[in-house]
Amino acid sequence: MNLNVTDQSIKVHPKTTYLSPNELTQLRNVETDAVSAGLKRTLPQNTEEEKRELENLYDQLQKQLSKPRIERLAGRAVGQWDPSFKAVRVVRKDGKFGTFGYSAKGEHYLEYYEAMFLLEVNRLQLEYNSRILSIEQSYLLLMGEEKSGKFQEYLVYSHFTRVGYILVKHQNINFPKYQVETPEDCVWAIFEAELQHESVPDYVKKSLYYSKIKQQFDQIRNDIKQQHNKQDHPTADSNGGQDVLMDFANKKAINLKRKAQDDQREYYDNWNRAKRGRYSNTKIFKGSLVDFLKDEVEYKRFKEQFEKFDIVPLTSYADEEDAEDELAEEHGLNISFDVYLHNEGFRKSSPHLPNFRIVILQAEQKFPNHREMYCTYRKQLNAVPLLLVTVNESKQIQAFLYYFS
């Protein structure tokens, strides 16, 4: 093979193009949002106007997807799809994973909505059979091709996580009401058990402070019980003196009532006159004292304001304790997530009672009535407020918070 050496330079064109440093700097923090469609379209189907509008929408979407994007080669965790668990197994961690995933058989796994969220924020690289999946392939793998409630569940999880809440999978277990980390926590836990006439929980008895604080409680209780005997039979103290008994009987004020002001005397005179007339046979005032109060200006204002309210009577199930549990299983909705505030020091290793729980209403479900929400509330072992969330076709989220007394 003969090679001819010449002075002619050959320009090589690589198959992949690379961005310049200036282009990398400009595209580093660029965020792309979805195109806003505005109001609902009312054009007839299969018309020329509809076709032109769809073509413009497709062109805008093509421009959005064709924009060059940059990403770091490092700084992402690596996860592999585990078909036996139907979850993502984290092979390599990068960054903090304190609020994501769960441990099983010595491995760290992610739920499908957690893996999708980390993929969208570019913190996870998902692999399937040693091949890196794209976002579209990850959607199909994690949420499936068939229509289900997973999409609404993921939208709710993604929205609340982005605004700062901590969402974990719902666990209907008996959470301890107090985290006994200090002696004050132990004192409050014992106080509540005494006030509710209940036994002290086991997690409080196992704390380091329980035995010492329990002895202090017993000592104080004994001192209070023996206080009466000490007053009846004073004993000499260690210095040879006597216990001083305070006599408050002779120190009471003669009249603790506040004198009526000049502008209130007329009111008290009318009150006394009505009171005397109520219990006499005279014709001064023969009605009730309540009727006398109804003539006051404050009462009339309150009555006018009260009549503006719409009073909706609700059925009470307080006397049907046995039937409530059956109703809760039959008419209750499914609870999806437990929600915690980010500034309360949440730790997944030692979870506590959530601030509220989320119930997701599917698209085909009707809005629940009070009975269904009450039955859902009764499902909880530790009752907290419920947040009912609906997702419409345009991916808008509406939430309604329910409190039960």
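The values are calculated or read from the model by the stated rules, or taken from the named source; none is laboratory data. Predicted model only: the values in this text are computed from it and were never measured. Ligands, DNA and RNA are excluded from the accessible area calculation, which covers all protein heavy atoms including side chains. Shrake-Rupley method; radii C 1.70, N 1.55, O 1.52, S 1.80 Å.
Students sometimes get this wrong: rank 9, 148 by accessible area, probe 1.4 Å, all chains present, largest first.
Result, largest first: 9, 148.
In whole percent, and with a 1.4 Å probe on the protein chains, what portion of the accessible area of segment 156-225 is carbon and sulfur?
Numbers: 2590 of 4880 Å².
After summing per-atom areas, the C and S share lands at 53 percent.
Rank these by accessible area, largest first, 1.4 Å probe: 108, 342.
I get 342, 108, largest accessible area first.
For residue 135, what accessible surface area do you get with a 1.4 Å probe? Give it in Å², rounded to 10.
Ignoring ligands and nucleic acids, residue 135 comes out at about 70 Å².
Could you please put 147, 205, 169 in sequence from largest to smallest accessible area, using a 1.4 Å probe? Show your work: numbers first, answer last.
Details: 147 185, 205 100, 169 120 Å².
Reading off the accessible areas and sorting them downward yields 147, 169, 205.
Please figure out what share of the DSSP beta bridges in segment 68-145 is antiparallel and state it in percent, rounded to the nearest 5. Kindly include the intermediate steps, with their values, before the conclusion.
Numbers: 12 of 16 bridges.
Counting DSSP beta bridges with both partners in segment 68-145, the antiparallel share is about 75 percent.
Which entries of 169/366; 169/205; 93/205; 147/395; 86/147; 147/379 have Cα-Cα distances beyond 26 Å here? The partial results should precede the final answer.
Working: 169/366 24 Å; 169/205 29 Å; 93/205 38 Å; 147/395 15 Å; 86/147 18 Å; 147/379 28 Å.
Violating the 26 Å limit, Cα to Cα: 169/205; 93/205; 147/379.
Roll a 1.4 Å probe over the protein heavy atoms and report the accessible area of residue 377 in Å², nearest 10.
Here the residue's solvent-accessible area equals roughly 50 Å².
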